[in-house]
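Enquirer: Starting off with a structure, shown below.
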Amino acid sequence: MAVLRWGSASHEGRLRAQNEDHAHAGEGLFVVADGMGGHLAGEIASEMAVDRLNERLPITGENTRDELVDAITEANTEIYQGSIDDADRAGMGTTVTAIAVVVDPHDGEAFAVANVGDSRSYVLRHGRLRQLTIDHSFVQELVAEGAITRDEARTHPRRNIVTRALGIEPYVRVDSWTMPIIRGDRFVLCSDGLVDEITDEAITEILAEHTDDPEAAAQALVDAANEAGGRDNITVVVV
């Protein structure tokens, strides 16, 4: 298996009383989930999603992209059923963004990337940060139509409306693909509490300041988001 280093950090932010984000960072699997719903329900939904992926994708080195997608689909079913069975959890849901080391028929190993909702995955390669995932959100649709800019989307009053999430419908469409594992790449997985507060340029600068310590990089990104306002929960995984 490719040699990876990683770090993670999470904070409830400056305005929220609880943290409804969950993350996993371990050998071969990295996940960020941002929960939504009533009292504690969002926290439960995001934890269910992370737990399901962690259970379905053990450290074997033989996972596939289909297994990653299947795990996310199973999490959707479990969260949806849980919201029906328990009135206190009605309407709960969560975003998810994940990267897993998988078997590749050509390269032997590759990264599988998957997402539902507006939690993001980025890659930093040769000093250039590129967003891998596409947000499933109302403001992303406005950006795609040219109605607003990416900068305007960060402060738009309806920026927190997602158009796709786990647990909302019986079935969910998962975006997924594979990409080669390239030495020197750095990945950032994050909830929208990061990108609503700081720009991609700021993320790039912070990563450049912490080239050898992914844990310090993750914490610095969370700290920067809090310093910029901290209006939401903030969770970051750096690989």
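Enquirer: For semi-axes √(5λ) of the Cα gyration tensor in Å, several values are listed as (1) 24, 23, 17; (2) 28, 21, 16; (3) 39, 22, 17; flag the one computed from this structure.
Expert: Of the listed options (1) 24, 23, 17; (2) 28, 21, 16; (3) 39, 22, 17, (1) comes from this structure.
Enquirer: For the range 146-193, what D do you get in µm² per second when you plug the Kirkwood radius from alpha-carbon pairs into Stokes-Einstein at 20 °C and 1.002 mPa s? Mind dumping the intermediate values first?
Expert: On the way: Rh = 14.6 Å.
It comes out at roughly 147 µm²/s.
Enquirer: Along the charge dipole of the chain, pointing to its positive end and built from +1/-1 on Cβ of Lys, Arg, Asp and Glu, which listed residue (22, 146, 8) has its Cα farthest out?
Expert: In the chain, that residue is 146.
Enquirer: Distance between the C-alpha centers of the range 1-76 and the range 150-228? Whole Å please.
Expert: Computed from Cα coordinates, the inter-centre distance equals 14 Å.
Enquirer: OK, next. Assigning unit charges at the beta carbon (Lys, Arg +1; Asp, Glu -1) and nothing else, what dipole magnitude in debye, to the nearest 20, does the chain show about its Cα centre?
Expert: That gives a dipole near 460 debye.
Enquirer: For the range 180-224, just the Cα atoms, rotate onto the principal axes and tell me the three extents in Å, largest first.
Expert: 30, 21, 17
Enquirer: Can you report the principal axis dimensions of the range 34-81 using only the alpha carbons, biggest first, rounded to whole angstrom?
Expert: 38, 17, 14
Enquirer: Moving on to the next point. Computing the accessible area with a 1.4 Å probe over protein heavy atoms, can you report the carbon and sulfur percentage for the chain?
Expert: On the way: 5210 of 11000 Å².
Summing carbon and sulfur atoms, their accessible area is 47 percent of the total for the chain.
Enquirer: For the range 80-135, taking Cα atoms only, what is the radius of gyration to one decimal and the Dmax to the nearest whole Å?
Expert: Just the Cα atoms of the range 80-135 yield Rg and Dmax of 16.5, 49 Å.
Enquirer: Continuing with the same structure: Restricting things to alpha carbons, find the Rg to Rh ratio for the range 160-239 using the Kirkwood radius for Rh.
Expert: Working: Rg = 14.8 Å, Rh = 14.3 Å.
Rg/Rh for the range 160-239 comes to 1.03.
Enquirer: Please compute the contact order of the range 152-239 in relative form: average sequence separation of alpha-carbon pairs under 8 Å and at least six residues apart, divided by the residue count, as a percent.
Expert: Details: 75 pairs, mean separation 31.1, N = 88.
That works out to 35 percent.
Enquirer: Along the charge dipole of the chain, Cβ charges K/R +1 and D/E -1, which of 131, 210, 54 sits furthest on the positive end?
Expert: Result: 131.
Enquirer: What list of ³J(HN,Hα) values in whole Hz, one per residue of the range 171-180 in order, does the Karplus curve 6.51 cos²θ - 1.76 cosθ + 1.60 (θ = phi - 60°) give from phi, with Gly and Pro shown as x?
Expert: In residue order, the calculated couplings are 10, 9, 8, 10, 6, 7, 6, 10, 8, x Hz.
Enquirer: Accessible area per residue of the range 144-200 at 1.4 Å probe, in Å²? List each step's numbers first, then the result.
Expert: Details: 3140 Å² over 57 residues.
Ligands and nucleic acids excluded, the figure is 55 Å² per residue.
Enquirer: Restrict the search to the range 8-58; then list the GluC sites (Glu not before Pro) that DSSP places in a loop and that have at most 16 other Cβ atoms within 10 Å of their Cβ. Could you put the intermediate results ahead of the total?
Expert: Values: sites: 12, 20, 27, 43, 47, 55; in loops: 12, 20, 27.
When the GluC sites (Glu not before Pro) of the range 8-58 are filtered for loop state and at most 16 Cβ neighbours within 10 Å, 27 remain.
Enquirer: Also, quick follow-up: Based on alpha-carbon atoms only, what is the radius of gyration of the range 106-239 relative to the globular estimate 2.2 N^0.38 Å?
Expert: Details: Rg = 15.3 Å, N = 134, 2.2 N^0.38 = 14.1 Å.
So the range 106-239 has a normalised radius of gyration of 1.08.
Enquirer: How big is the shadow of the Cα convex hull of the range 29-134, averaged over all directions, in nm²?
Expert: On the way: hull surface 29.4 nm².
Result: a mean projected hull area of 7.4 nm².
The values are calculated or read from the model by the stated rules, or taken from the named source; none is laboratory data. The shown structure was predicted, so the numbers you read here are calculated from the model rather than taken from an experiment. Using ideal geometry, Cβ is built from the backbone for each residue, glycine included, and neighbour counts are taken over all protein chains shown. For the accessible areas, the whole protein counts, side chains as well, though only heavy atoms, and no ligand, DNA or RNA atoms are used. Shrake-Rupley method; radii C 1.70, N 1.55, O 1.52, S 1.80 Å.
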